[in-house]
Every structure is written in structure tokens, then in C-alpha cells.
Amino acid sequence: MADLIPQLRGTLPAVLQDAGEDASDRVIEFFTAEIRNENTREAYGRAVRRFFRWAAHRQLDLSDIEPVHVAAYVEEDDRAPATVKQNLAALRRLFDFLVTGQVLEANPAEPVRSPKLQTDNGKTPALTAEEARELLNSIVAEKQELPQLRDRAIIGVMTYTFARVSAVVGLDVGDYFRAGHRWKIRLREKGGQRRTVPVHHKAKEYLDAYINEAGIREDREAPLFQSLRGRTGELTGRRLQPDNALQMVKRRAEDAGFDPAQISCHTFRATGITTYLENDGDLETAQHIAGHASANTTRIYDRREDHVDQEEIERVRI
């Protein structure tokens with residue numbers, strides 16, 4: 001490892017290299033020892049490189065950086081609010097590590113406020129396709145065991161079907177079924193509403209991996225998503241509750257480097273719909289896929305949600 005450190009120093013942004021070996025070594029320690037998740041490490045690495053390129057263009061040394069500089073950087077960042085928040089979280093954590101290592105006296109990112117995660121159309125934050133993909137991939141980055149496969153499948157189904165968490169955890173094994181050459185999911189939404197949608201190929205991949213590992217494919221009346229037994233990670237046979245799914249989502253988001261306070265189960269409903277529309281999906285079709293209510297009472301008899309084309313589902317390109 002001692003031979004590797006000089007090589008790693010040379011890969012750091014110039015501002016960090018110029019700050020001296022103590023600073024460089026502390027940054028290397030942060031990325032090798034403090035950040036253990038590979039996807040988080042990559043995400044934080046991109047955030048740190050981007051910020052210090054910005055600082056170098058303004059001829060700032062590490063010791064020169066103050067809250068006003070970090071605030072200016074955040075203000076100039078025109079990417080999605082969720083991405084900006086994630087980048088700021090990475091900087092806060094790195095600077096904290098430099099403070100505890102006595103490289104810096106104070107964390108310049110700590111006082112800087114994150115952008116609000118909301119759009120003109122509502123308060124539910126939506127991840128970008130890249131962010132959603134990063135989160136889903138991070139869950140199975142280190143292990144592909146039953147807990148990881150279950151959690152990825154839950155988030156994947158919420159994202160690709162636009163379903164509420166209550167409908168997803170309410171699924172039985174038999175609600176995921178084959179109809180001709182297609183696979184479909186039968187959802188029970190609030191108010192007793194039922195809808196059947198085709199399964200996106202990525203959601204099918206996630207579901208099959210989980211069901212095969214769990215060995216529950218033939219137990220069609222059993223809850224599809226079940227709670228886990230202690231540290232063994234075995235299924236209990238009991239249905240996972242929405243509150244427990246929310247705790248899982250926040251834990252997985254934090255592990256992937258996102259701010260868990262800004263992520264909820266509804267985030268993935270908003271993410272799926274937004275990505276669908278961004279890829280030229282039809283707004284009215286999105287309404288049917290999501291099971292949204294309409295003021296028009298004739299929609300009670302509208303059965304288009306039962307005939308959504310597979311091509312429409314595949315517009316959710318995550």
C-alpha cells in the first residue's frame with residue numbers, strides 16, 4: 001500500500017496535490033477506507049473532481065475555499081437538484097474528513113444550503129434516469145443475495161410501474177404472471193382500484209432474480225415481498241409493510257450517496273413518470289399507467305389501462 005500511495009496522489013485534482021502530502025493522503029484515505037461502497041465511491045469521486053476543477057479555474061487553493069465559494073459553485077450548477085444535492089453531500093463529507101484529520105480548520109460546505117427538490121408540477125422529487133440507475137445498481141454492487149435482490153426488485157417495480165408502495169408490497173406471487181408472450185403485474189391501488197400493466201424488461205429481470213433466489217415462484221398465494229428474518233436474511237412469510245419499505249428505501253439511498261431525507265417511496269413513482277414523458281411518452285397514457293384519478297366520471301369505464309402496449313412501458317429508459 002505504501003508504494004501505491006504516491007501513484008494515487010498523482011491521480012488527485014491539482015488543487016489537492018498542491019495542498020501537500022498530508023492533504024493528499026487524507027483524501028486517499030477517505031476514498032479507500034472511509035467510503036466502502038464502490039458505487040458511492042465513484043459518485044463521490046465525480047463530485048469531488050468536478051468541484052476542484054471549478055476551484056482550479058478560479059485559482060483557489062484548498063486553504064482558500066470558504067462557504068461563499070461552495071455556495072457560488074452550487075448556485076452555478078444547472079444540473080438536476082437531486083444531483084446537486086448529492087454532490088454537495090459528497091463535498092460536506094470529504095471536508096468533514098479533512099477537518100477531523102486536521103488538514104482544515106472548518107468545513108466550508110457545512111453552512112451551504114442545498115437546492116430544494118421540487119418541480120413546478122409538485123413537491124415529490126424525481127431522480128434523473130442516471131441517478132435512478134446508479135441507485136439500483138448500487139444495491140447489488142457488492143452482494144447479490146436475497147436481501148439485495150428483494151430491495152432492488154421493490155424499487156424497480158415502483159419505478160417501472162409508477163405504483164404506490166402500498167400496491168407494490170400488497171402484491172402476491174401470483175400477481176406477477178405470464179399472459180401469452182408477455183409478463184404482467186396485477187396491482188391493487190388505494191380505493192380498491194385494480195390495474196394490470198405489462199412488465200418492463202428491467203423490472204422482469206429484477207423480479208426473476210429475486211423470485212428465483214427466494215424460491216417462491218410456485219407459492220402463488222404468498223406475499224411477493226416479505227420481511228426478512230434477522231441476520232439470516234431469510235423470508236419470514238409475512239408481508240413487508242409500507243413503513244418498512246420506506247426505511248429500506250432511505251437506507252439504500254444513503255448507501256448510494258443520496259440524501260435520505262429527500263428520498264421516499266413516492267420518489268420512484270415520480271421518477272418513472274418523468275422519465276417516461278421525457279422519452280416522448282404520452283401524458284394521457286402515463287395517467288393510465290399510474291392509475292391517476294380523473295374528474296371525468298366516464299373514466300370509470302375506461303379499460304385502456306388493461307391494454308397498455310409493451311412499447312409504451314419500454315419508454316421508461318432507465
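What the table below lists for this structure:
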quantity	calculated
Residues of region 59-78 classified as touching a residue at least 40 places away in the same chain (Cβ under 8 Å) and charged (D, E, K, R), total	2
Scope region 172-215; condition among the aliphatic types (A, V, I, L, M), in contact with a strand residue (DSSP E or B) (Cβ under 7 Å, 6 or more places away or on another chain) and closer than 23 Å to Pro147 by Cβ; matching residues	Ile185, Val199, Leu207, Ala214
Lone qualifier among Tyr176, Tyr160 - being among the aromatic types (Phe, Trp, Tyr) and closer than 17 Å to Arg269 by Cβ	Tyr160
Scope region 35-45; condition surrounded by 15 or more Cβ atoms within 10 Å (Cβ to Cβ), touching a residue at least 40 places away in the same chain (Cβ under 8 Å) and either in a helix (DSSP H, G or I) or acidic (Asp, Glu) (or both); matching residues	Asn39, Thr40, Ala43, Tyr44
Long-range neighbours under 7 Å by Cβ, at least six apart or interchain, first residue not assigned by TED's automatic domain parsing to the domain that holds Ala253 within region 263-287, second in a loop (DSSP other than H, G, I, E, B) and basic (Lys, Arg)	none
Enumeration of residues in region 224-257 that are touching a strand residue (DSSP E or B) at 6+ places or on another chain (Cβ under 8 Å) and of a type in the set (Val, Ile, Thr)	Thr236
Unmet requirement for Tyr210, which otherwise passes all of (1) modelled with pLDDT under 90; (2) of a type in the set (Ser, Thr, Tyr); (3) under 19 Å from the mean Cα position of the chain (by Cα)	(1)
Residue, nearest to the chain's Cα centre (by Cα), within region 229-256, restricted to residues that are closer than 18 Å to Gly156 by Cβ and basic (Lys, Arg)	Arg252
Single match in Ala261, Ala293, Ala286, Ala270 (criterion: outside any helix (DSSP H, G or I), more than 20 Å from Trp183 (Cβ to Cβ) and at pLDDT below 90)	Ala293
Output for region 111-142, where each listed residue is surrounded by fewer than 20 Cβ atoms within 10 Å (Cβ to Cβ), at pLDDT below 85 and closer than 22 Å to Asp255 by Cα	Ser114, Pro115, Lys116, Thr124, Glu142
Residue in region 255-270 that is more than 30 Å from Ile35 (Cα to Cα) and out of contact with any Ser or Thr (no Cβ under 9 Å at 6 or more places or on another chain) present	no
Some residue of region 99-113 being part of a helix (DSSP H, G or I), more than 17 Å from the chain's Cα centre (by Cα) and over 27 Å from Ser264 (Cα atoms)	yes
Count - residues of region 101-110 that are surrounded by fewer than 20 Cβ atoms within 10 Å (Cβ to Cβ) and under 23 Å from Ala256 (Cα atoms)	1
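The values are calculated or read from the model by the stated rules, or taken from the named source; none is laboratory data. This structure is a prediction, so every number in the text was calculated from the model and none was measured. Positions of Cβ are generated from backbone atoms using ideal geometry, with glycine treated the same way; all protein chains shown enter the neighbour counts.
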